[in-house]
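Here is the structure we will look at, set down as structure tokens.
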């Protein structure tokens, strides 16, 4: 019997779910039949707006739980709130919230490194640690709960021409953290995998995209294009579905092949 | 996940992971051409696939040999799943055994890919290779097998850059320990020991590997990637 590529009846938390890759992840889960998707975003107005828009689709329910997840107390409140609403269970966590900062090496601010590592690494760990009891309650040996982290091809490539030193290091850290969490949480029926996207136009990526030249980037990509929302939607849905229940500790590159093409840059 | 109207050629398709991929592709609308050395078993396997009205084919061919001209229809998906195991230490391996491992596992994937690239360029199709977690973890008695499997990953990455601009994708599935005839030969005691090193504490099923193949056949932006499907085995050693 084919296993399905669906997440029917599942509950999910997507941090940074109001826009960009996080939003695509939410859309993928909703299209796959998720029952409820909780989204966090720092800006309450934007979080609410996305909630309203997505709820108009008439798919699963989207619930905005705005807050700055680098504040561990707030993150804890958000996850406790989900626990109360879902009888202490949660099927899927997409630890997506992330930030970047670009500045030349000699004047790169220390605070920028701290800020980026805090959100991109420390808060990913905190999200998984705080949500683990809910995930453990929902997972079974045949259909484990899922954690998806969002790495990046930047985590493999040391290109620093854009001066995103913290971001590059943070994404390499996310990949490694994903592997160690997969070994720790696998026995608790929770799988942990990372997606490592190439360039997907988003508010965060657009600045860099302009700098590096969008046309060039498309031309140098083996697939001759940048990523599109559907690419991420499909990958997230696959990884969260029964079809991927044996995938654990994997870093899945989704970049059209650019990472391996010598002319491509990031 | 529909493969309606697509034609897939699957080497090593009469049993194990290859057969599961053929079965899942057929269940999802595809027509399958499965390839294996033994004519009887490959035809029997082709007949057992669901939706026989699509006229799945069983083709007898040894992948270590060059393909001769053939009457195949345009191929949309090539799956290189044919492989043979290694069961002894390097010092005990005969030269013929080394040749067979490289010729089947590595050269076989190369020759089959080369044969069907012209067809894939027309259909804007994709290639899915099946490697092994043994290619990236050091395990005694797997030396040449590991070399053949990790070779496939390098082959695929280069193909992704070469064929991507022409609309053809190439990706690798890296299975861990999977319930097949190949792992049945492992002594039960050793198998139990191995399971303790897998975070999910079980072997994968051929169906689980097949689902990753189906996903790779349908996602349009994954190219040059290797996807590990091993329960976390390779992260815990």
- Task: Spot the failing condition for residue B:189; the list is (1) buried (at least 21 other Cβ atoms within 10 Å of the Cβ); (2) part of a helix (DSSP H, G or I), and only one is missed.
- Result: (1)
- helices (runs of 4 or more DSSP H) contained in the stretch A:166-266 and holding at least 3 residues within 18 Å of residue B:221 (Cα to Cα) and in contact with a strand residue (DSSP E or B) (Cβ under 8 Å, 6 or more places away or on another chain): A:229-240
- Task: State the number of residues belonging to the stretch A:208-266 that are buried (at least 24 other Cβ atoms within 10 Å of the Cβ) and more than 10 Å from chain B (Cβ to nearest Cβ).
- Result: 2
- Message: Filter the stretch B:209-233 down to the residues that are farther than 27 Å from residue A:223 by Cβ and in a helix (DSSP H, G or I) and list them by number.
- Response: B:233
- Residue ranges of helices (runs of 4 or more DSSP H) in the stretch B:1-107 with at least 1 members farther than 24 Å from residue B:205 by Cβ and touching a strand residue (DSSP E or B) at 6+ places or on another chain (Cβ under 8 Å): B:39-47
- Message: Just the residues that are under 24 Å from residue A:145 (Cβ atoms), more than 7 Å from chain A (Cβ to nearest Cβ) and out of contact with any strand residue (DSSP E or B) (no Cβ under 6 Å at 6 or more places or on another chain), please, taken from the stretch B:208-233.
- Response: B:210, B:214, B:230, B:233
- Note on the structure: Picked from the stretch B:122-141 (must be part of a loop (DSSP other than H, G, I, E, B) and in contact (Cβ under 8 Å) with a residue 24 or more places away in the chain), the residue nearest to residue B:12 (Cα to Cα) is B:131
- Message: Out of the residues in the stretch A:136-154 meeting the condition of being within 14 Å of chain B (Cβ to nearest Cβ) and assigned to a helix (DSSP H, G or I), tell me which one is farthest from residue A:103 (Cα to Cα).
- Response: A:136
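Bear in mind these aren't lab numbers, they're just calculated from the coordinates by the rules spelled out. Here the structure is a predicted model, which means the values were calculated and not measured. Every residue, glycine among them, receives a Cβ derived from its backbone with ideal geometry; neighbour counts consider all protein chains shown.
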